[in-house]
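As structure tokens, the structure follows; a few thoughts come after it.
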Amino acid sequence: MTARAKAGFFQKIFGWVVGMAERPAAEPLQSTEQPLIKLPRLIVAIACRDGRRGGGLQLMVDSLNLEHITCKSRELLEEGDDYELAMLLQGVGHVKIQVTVEWVLLSSYGHSAGLRVVHSDETRELLGKYVSLVEGGARG
């Protein structure tokens, strides 16, 4: 091997070792979802199946954002079920929101559930107003 070939060989190996030691320059993925906001006080909500009157389920909402709501319930909710959630939001008023059950955690003292909000233009505006009030620390 000539001196030039040896230098080229060692240069390639050195470049490979340096490349292995460096961290990739990939940027971390940016999450487009907002974090859930823990509410200072629980909100009582009544969940009814679409088109039914009376006999709803009582839910206790503990955190939310514009797209998701987490709650606790005595009754068992099933993933994929659709409900109309009626809540009285302080500073906003009475709101009816369409939701879909995303996940359920079973417990002997109360089930936890995650709900995905199915928005209309009105509910997006009202829930957005409430979220901004809670983030700003507004008191009723």
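With touching a residue at least 24 places away in the same chain (Cβ under 8 Å) and closer than 18 Å to residue 33 by Cα as the only criterion, which of 64, 76 stands out? Even if it seems obvious, please write down each step before you answer.
On the way: 76 fails: closer than 18 Å to residue 33 by Cα.
Every option except 64 fails the conditions.
Of all the residues in the range 102-140, those that are within 16 Å of the chain's Cα centre (by Cα) and over 16 Å from residue 36 (Cα atoms) number 4. Only residues that are part of a helix (DSSP H, G or I), open to solvent by less than 100 Å² (accessible area, probe 1.4 Å) and modelled with pLDDT of 75 or more were counted across the range 9-44, and they come to 2.
The values are calculated or read from the model by the stated rules, or taken from the named source; none is laboratory data. Fair warning: this is a prediction, and the values are worked out from it, not measured in the lab. FYI the Cβ positions are ideal-geometry reconstructions off the backbone, even for glycines, and counts take in every protein chain you see. Accessible surface areas use protein heavy atoms only, side chains included; no ligands, DNA or RNA. Shrake-Rupley method; radii C 1.70, N 1.55, O 1.52, S 1.80 Å.
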